[in-house]
Amino acid sequence: MLQRLTWIALRHASAPRGQPKTIKTKKNSTVAAYKDRINTLLLVATIIITVTFAAGITVPGGYDYSETHKGMALMVKKFAFQVFVIANASVAMYSSIILAVSLIWAQLGDLNFIRVSLKLALPLFRGALMMVAISFMTGVYLVELMTEAVVAVAAEAGKQRRSDHPWPVDRRVKSYQILLIQIACKYSEIMDE
């Protein structure tokens with residue numbers, strides 16, 4: 001009602017009629033201008049999906065091949081492993097998949113849909129990159145746990161080679177087989193902690 005009264009008052013006063021409001025946009029706000037940006041983000045999203053999938057299949061620490069826990073990850077009880085799984089598989093991979101799907105839809109060519117897709121894609125992209133970094137750091141930490149066990153066992157094996165061996169060794173058993181047995185024993189001690 002107020003708009004109508006204002007319009008009548010302006011018309012009665014012979015005010016000049018204004019032009020319709022135009023939305024000012026950036027110079028290059030065409031589909032072609034966004035195409036390179038979308039393609040680049042889509043490529044990086046695909047790489048993140050590939051990396052997180054590969055890291056999810058080849059978990060740090062490897063798998064248990066014993067009869068009781070066959071196929072179970074060795075470090076499954078460690079907190080850092082749980083952080084790795086959540087950051088890698090749950091957040092980084094799924095947000096990258098959503099990112100890739102939205103960017104594929106953005107290639108349909110509608111300018112408004114491209115803008116909406118980019119508004120959705122950029123926060124997902126930032127989150128995926130952060131989670132990939134976190135999963136990398138926790139993966140390195142888990143590998144360091146295993147390396148410490150190997151170094152400790154190798155040091156003990158080196159000491160034992162200098163002294164008399166604590167048990168009789170068959171000549172057919174190689175020294176590296178003994179070292180592997182000792183590493184497995186030390187590793188199982190670390191995993192039980």
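Looking only at residues in the range 38-52 that are exposed (fewer than 15 other Cβ atoms within 10 Å of the Cβ) and not β-branched (Val, Ile, Thr), which one is nearest to the chain's Cα centre (by Cα)? In this case the residue turns out to be Leu43. For the range 70-99, filtering for residues that are more than 16 Å from Met146 (Cα to Cα) and over 14 Å from the mean Cα position of the chain (by Cα) leaves 3.
Scanning the range 101-124 for residues that are touching a Leu at 6+ places or on another chain (Cβ under 6 Å) and either at pLDDT below 90 or closer than 30 Å to Ala80 by Cα (or both) yields Ala121, Leu124. Is one or more of the residues making up the range 70-93 surrounded by 16 or more Cβ atoms within 10 Å (Cβ to Cβ), on the phi < 0 side of the Ramachandran plot, in contact with a strand residue (DSSP E or B) (Cβ under 8 Å, 6 or more places away or on another chain) and in a helix (DSSP H, G or I)? Scanning the range 70-93, I find at least one residue that is surrounded by 16 or more Cβ atoms within 10 Å (Cβ to Cβ), on the phi < 0 side of the Ramachandran plot, in contact with a strand residue (DSSP E or B) (Cβ under 8 Å, 6 or more places away or on another chain) and in a helix (DSSP H, G or I), so the answer is yes.
The values are calculated or read from the model by the stated rules, or taken from the named source; none is laboratory data. This one's a predicted model, so the numbers in the text were calculated from it and none came from an experiment. When we count neighbours, we look across all protein chains shown, and the Cβ atoms used for this are built from the backbone with ideal geometry, even at glycine.
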